[in-house]
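Engineer: Okay, handing you the structure first.
Here, each number is a calculation from the coordinates, and none is a lab measurement. The structure displayed is predicted, hence computed values, not measured ones. Cβ: placed from backbone, ideal geometry, glycine included. Neighbour counts: every protein chain shown.
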Amino acid sequence: MRGPVNRADDVRRLRDLLRSAVQRDRFPDGLLPAEADLMAAHGVSRATVREALALLRAEGLIERTQGVGTHAVARPVSTGITEAHGATSPSAASLLNRRTRPRVLDRSVVPLPAVAAERLGVPAGTPCLRLEYVALHEEEPLWLATNYALFPEAEKLRDCPFVTDWYALLADAGVEFGSSEFVIGAEIADPLTAEELGVPPGAPVLTVEQTFADPRGRLFDLAFVHTRADRFRFVSRGTRTPSLEEL
């Protein structure tokens, strides 16, 4: 049974549905249905449709042109979380399949800061390689990453040409890892991060704190990654295993 009608709720729900469709590239040639078609399909008013579209336009996902219609202007790339971890080989279409290039901001040996040292389980001040870069795809910035890598891995990473993505650098440098861990969050872009990512201050960004361990389980790298939420999405799938009582 439908509860009390609240147009703000209808706007929010329609916004979510249309955002999902835009991000999954569900509209032929990126052209969204006309307002009247959206009204009929979702059982909402014209004002609701226009407010939902205005929210998507403010996010930078669509553009509206008088006499032409509403087009999607941004289609985030979806990447499987196992690919993002480096646990599986990237697909041909994946941005992690050597399809980005780095704009290196810093690549120097520095004393490891105390917070990073605690995460990696070594004394503060331990020498590390700080490698910071912006990942570019078709010259558009996607994420900003700061890595703190311990030696001996750091020596290989310091001297190896950094051509495409971080996992390619690890492979090219001959650095093996046994596992990586993500802590994923969200924040608004501060002015400094916004400038590097080419977004307005206050825009939403995904944050990932990532650690790498070698095949024996020793942590050797800590990374802080700020990713444009309008250009990159993680896809994760889990399979439920029935309990013994259900078998």
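Engineer: In the chain, with Lys and Arg counted as +1 and Asp and Glu as -1 at Cβ, which of these residues, Phe224, Gly198, Val163, has the Cα nearest the positive end of the dipole, that is, farthest along it?
Structural biologist: About the Cα centre, the residue reaching furthest to the positive side is Gly198.
Engineer: Show that you can apply the helix-only estimate: for the chain, add -39,500 (n - 2.57) for every DSSP H stretch of four or more residues, divide by all residues, and state [θ] at 222 nm to the nearest 500.
Structural biologist: So the helix-based figure for the chain works out to -8000 deg cm²/dmol.
Engineer: Provide the packing ranking of 178-191, 46-59, i.e. peptides ordered by the mean count of other C-beta atoms within 10 Å per residue, highest first.
Structural biologist: 46-59, 178-191
Engineer: Now a separate question. About its Cα centre, how strong a charge dipole does the chain have in debye, to the nearest 20, once Lys and Arg get +1 and Asp and Glu get -1 at the Cβ?
Structural biologist: Here the size comes out at about 660 debye.
Engineer: With labels modelled as points extended 7 Å from the Cα through the Cβ direction, what inter-label distance (nm, one decimal) is found for Thr241 paired with Leu105?
Structural biologist: Result for the modelled spin labels: 4.1 nm.
Engineer: Another question about this same structure. Is any helix in the chain, taking whole DSSP H runs, at least 15 angstrom long along its axis by alpha carbon and on average at least -1.0 on the Kyte-Doolittle scale, and which ones?
Structural biologist: The answer, listed by residue number, is 7-23, 46-58.
Engineer: Oh, and also: HN-Hα J couplings of the range 156-164 from phi, Karplus 6.51/-1.76/1.60, θ = phi - 60°, integer Hz, Gly and Pro as x?
Structural biologist: 5, 5, 5, 9, 8, x, 9, 10, 10
Engineer: Suppose each label sits 7 Å from its Cα in the direction of the beta carbon; what would the Val115-Asp25 distance come out to in nanometres?
Structural biologist: Rounded to a tenth, the inter-label distance reads 3.7 nm.
Engineer: Mind giving me the nanometre distance, one decimal, between the label points for Phe182 and Glu63, set 7 Å out from Cα along Cα→Cβ?
Structural biologist: In this crude spin-label approximation the distance works out to 3.0 nm.
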